[in-house]
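Heads up, the thing below is written out as structure tokens.
Since every read-out is calculated from the coordinates, none of them should be taken as a lab result. Computed from a prediction, not measured in an experiment: that's the story for all the values here. All Cβ positions, even for glycine, are placed from backbone atoms using ideal geometry, and neighbour counts span all protein chains on display.
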Amino acid sequence: MPLGRSNAPRRYFTAQERAQIVAAIGAAEARTSGEIRLHVERDVPAGGKAGGDPYARARELFAKLGMHRTAQRNGVLVYLATRTRCLAIVGDEGLHDKVGETFWRDVVDAMLPHFASDRPADGLAAGLAQIGEKLRKHFPRQDGDVNELPDEISFRE
């Protein structure tokens, strides 16, 4: 991460980048019944269940944020730890069973070069678009679909 970007989760993105990410979430969800959230915190906690593992922390937050409560079990959480520079994605069983572990790794791998060149919002937007396409393929939007989870970014300082 370049020296000019803050590690503080709420200051990591500019206002323009936040708007870009929220718009990318909305666009990804527009054609699917799936739900996507982004959670940002400074560090992967070393203690507790996560034990410093970003994927374990993402799974823990997935449950805490109620991502498993979607009707079709098609929620996706993108997790970012700013100071420890960790990124993980957790998809609920409805989608994960259809796309497999390789898909999630491919999305993260596609996002990382954007982070390396200090364009994290572009990376997240690209990854969110990939996730949205898989959600659309497996869980297309139906009449009466409602937005079950908020689209805004959640933070933990």
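For n ≥ 4 DSSP H runs only, could you compute -39500 (n - 2.57) per run for the chain, divide by its residues and tell me the 222 nm figure to the nearest 500?
Values: 5 runs with 73 residues, N = 157.
Per the formula, -15000 deg cm²/dmol.
Below 8 Å between Cα atoms, with a sequence gap of 6+, how large is the relative contact order for segment 81-147 in percent?
Working: 28 pairs, mean separation 17.9, N = 67.
That works out to 27 percent.
Under the definition of Cα pairs under 8 Å and six or more residues apart, what whole-number percent is the relative contact order of the chain?
36 percent
Count the net charge of all other residues whose Cβ sits under 14 Å from the Cβ of residue 19, scoring Lys and Arg as +1 and Asp and Glu as -1. Spell out each step's value before the answer.
Numbers: positive: 18; negative: 17, 122, 151, 152.
So the surrounding residues net to -3.
Kindly work out what percent of the DSSP beta bridges joining two residues of segment 6-157 are antiparallel, to the nearest 5. Mind dumping the intermediate values first?
Details: 7 of 17 bridges.
Here the share of antiparallel DSSP bridges comes out near 40 percent.
How much FRET efficiency would the formula 1/(1 + (r/R0)^6) give for residue 93 and residue 14, where r is the Cβ-Cβ distance and R0 is 35 Å, rounded to 0.05?
Values: r = 35 Å, r/R0 = 1.00.
Step by step, r from the Cβ atoms, then E = 0.50.
Rg (Å, one decimal) plus Dmax (Å, integer) for the alpha carbons of the chain?
14.6, 47
Treating the beta-carbon of each Lys and Arg as +1 and of each Asp and Glu as -1, no other charges, what is the dipole magnitude of the chain about its Cα centre, to the nearest 20 debye?
The calculated dipole for the chain is roughly 320 debye.
Starting from the Cα-Cα distance between residue 6 and residue 23, subtract it from 0.36 nm times their residue separation and give me the gain in nm to one decimal.
Net length gain for the segment: 3.9 nm.
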